[in-house]
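Here the structure comes first, spelled out in structure tokens, and everything after it is commentary.
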Amino acid sequence: MELTYLGLNTLEYDVKKCAGCGMCVTVCPHRIFKMDEKKAVVTVKEKCIECGACAKNCAFGAIKVDAGPGCASAVLLSRFNRKNKKAVCC
Amino acid sequence: MKTEKQSCGCGQAKEAQKEECSCGGPVKEIVKFKETGSRWMINIAGESIPLVPAKLTATDIIGNFLARFGINRMDHAVRPGLYAVGRPGKTAPVLVSANYKMSFDALRKELSGIDAWILVLDTKGVNVWCAAGKGTFGTQELIKRILTVKLDKIVTHKNLIVPQLGAPGIETHLVMKHSGFRVIYGPVEACDIEEFLKNGMNAGEKERTVGFGLWKRLEITGIEFVSAVEIAAIVSLIAVLAASFTKNGFNVISGISNASYFIGAMFVAVFFSTIIPAALMPYLPGRMFSVKGAISGFAGSVIFVLLAGGMTRLTQAAVIVLSTTLASFVFMNYTGTTTFTSLTGVRREIEISAPVMIMGAVIGTGLQITDFIMKGAIKWN
């Protein structure tokens, strides 16, 4: 069963910088990249969870994403817990 | 690294000044590592490498089970370094893992009949995916660990098999540049390693996709369940105390009796905010977790109200509103354990849901207090 969330994310991909190495295709845990004529293309952007794997593994800086955990308690705790900068999850 | 990463979260690293995440205690240095069950050492290139079995002992299994429920979870770590499985030689594959004991065990138990090296990174006892997000399962630590264990002397090849879920922390090109080792991403799940090695280090689409099946969803509800029980216990205690201020003075017995429906409802809410919605997640309507949780909590409390019987309309209303709100809140926090939520999406969900939840909590508490007063539990004049 396909699970989908709200489809909101900060993924930005600049095809002009793509060198066609295919690392993004390999690392994406939701398989949203695929190779098309020696360039990577984004297929289902809505499925991006902002894990940051593609951006981190792109040696050519073609991918930008504001990576972070899709975790409500993390967002809430950071809002209420400004003092404890070391607050962490899992 | 260019940017100073804030050590954080369930998922991913946050750059300084941004919101940092949390789901547990702060990152701490683990002093006492768990035994890995190694009784023999392999001597290779002048180094002594502990040999670990590809089979888990009862102690391993019990420890991992308890960690699922938050027991000793923060100390569930193995010593970082190099380990051997089987009889690895200079050409054996090198598999990279985190030092969360459950991650390490999940890997080695899939390696029976395989000769391999396991390079355990110091992720402060956190699993691969979460540590990759924090940056502890990261480029720097990987390079450092390769040098510390003198990997270039132990193996003659230059390949490292890194779990695909570690990719959010690893810059492949920088690892190559600074250590000479080539990162090859392995499958998502350790159980597909054998197939991966057989296929000349190739993983299929299925092995590269993160799933979230029924078993996985239930496996990770342990922590949520324990924390929901804690919340419910505290709320129940407050309710008992509030209901103990009777007309005839402070009386805990009548407090318990007055709050009994409320306590029952709280624990119904625990089930209907954790295990039930986790299992039924794909079938519950709504995309937001708070909506799914609210529906589940509402259904649970209605069933409770119908089965318990003998409640006044006011008690029923209080029970339903509070359980629905609690379930909505608890299940919203389940977003952090799932594999398909994004931070941007979660922020939006909180924006929409938080005001409704606060309203629910205020109305529910109001109804409950009125109910206690009507029952004569609380002295109010």
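Points to keep in mind about this one:
- At q = 0.17, 0.18, 0.22 Å⁻¹ the log10 of I(q)/I(0) for the stretch B:92-207 amounts to -0.77, -0.87, -1.35, computed by Debye summation with a single uniform scatterer per C-alpha, solvent ignored.
- Long-range amide H partners of B:Ser97 with built H, under 5 Å: B:Leu119, B:Val120, B:Leu121
- Cβ neighbours within 10 Å from other chains - mean over B:331-340: 6
- Cut-off under 5 Å, modelled amide H: who pairs with B:Ile49 long-range: B:Ile42, B:Asn43, B:Ile44
- Helix B:58-68 vs. chain B, principal-axis angle (Cα, 0 to 90°, nearest 10): 50 degrees
- Hz values of 3J(HN,Hα) by residue in the stretch B:189-199 - Karplus curve (6.51, -1.76, 1.60), Gly and Pro given as x: 9, 4, 5, 9, 4, 4, 4, 4, 5, 4, 7
- Residue-count net charge about B:Ile220 - beta-carbon cut-off 14 Å; Lys, Arg +1, Asp, Glu -1: +2
- Placed amide H near A:Ala40: partners under 5 Å, 5+ positions off or other chain: A:Gly20
- Most mobile listed residue (B:Ser244, B:Ser97, B:Ser273) in chain B, GNM with C-alpha springs under 10 Å: B:Ser244
- Calculated log₁₀ intensity ratio I(q)/I(0) where the Debye formula runs over C-alpha points of the stretch B:305-381, q = 0.21, 0.27 Å⁻¹: -0.91, -1.19
- Exposure proxy for B:Leu82, B:Leu306: other Cβ atoms within 10 Å of each Cβ, ordered fewest to most, give B:Leu306, B:Leu82.
- Spatial extent of the stretch B:215-375: Rg and Dmax, with the Cα atoms as the point set, Å: 16.2, 54
- Whole-percent pair-distance distribution, where bins are 10 Å wide, for the alpha carbons of the protein assembly as shown: 4, 19, 27, 23, 14, 8, 4, 1, 0
- Using θ = phi - 60° in the Karplus curve 6.51 cos²θ - 1.76 cosθ + 1.60, the 3J(HN,Hα) couplings for the stretch B:206-218 round to 5, 6, 9, 9, 7, x, 8, x, 3, 4, 4, 4, 6 Hz; x is entered for Gly and Pro.
- Put a plus charge on the Cβ of each Lys and Arg, a minus charge on the Cβ of each Asp and Glu, and nothing anywhere else: the dipole of chain B about its Cα centre is then about 340 debye.
- The mean number of partner chain beta-carbon atoms within 10 angstrom of a residue's beta-carbon across peptide B:157-168 is 3.
- Between the Cα long axis of helix B:313-332 and the first principal axis of chain B there is an angle of about 10°, rounded to the nearest 10.
- The ratio of the alpha-carbon radius of gyration of chain B to the globular-protein estimate 2.2 N^0.38 Å is 1.20.
- For the protein assembly as shown, a simple Cβ point-charge model (Lys and Arg +1, Asp and Glu -1, everything else neutral) yields a dipole of about 760 debye relative to the Cα centre.
- Cα convex hull volume per residue for the stretch B:41-156 (Å³): 94 Å³
- Sorted from greatest to least, the principal axis extents spanned by the alpha carbons of chain A come out as 49, 33, 19 Å.
- The stretch B:7-210: translational diffusion in µm²/s, Stokes-Einstein, Kirkwood Rh over Cα pairs, 10 °C, 1.306 mPa s: 93 µm²/s
- Taking B:Lys109, B:Lys32, B:Lys292 as the candidate residues, the one with maximal mean-square fluctuation in a Gaussian network model of chain B, Cα springs under 10 Å, is B:Lys32.
- Summing Lys and Arg as +1 and Asp and Glu as -1 over all other residues whose Cβ lies under 12 Å from the Cβ of A:Cys21 gives a net charge of +3.
- Burial ordering of B:Trp40, B:Trp117, fewest other beta-carbon atoms within 10 Å first: B:Trp40, B:Trp117
- Angle in degrees between helix B:221-244 and the longest Cα principal axis of chain B, rounded to the nearest 10: 30 degrees
Coordinate-derived values only; no laboratory data. The structure displayed is predicted, hence computed values, not measured ones. Counting neighbours? That spans all protein chains shown, and the Cβs are built from the backbone with ideal geometry, glycine included.
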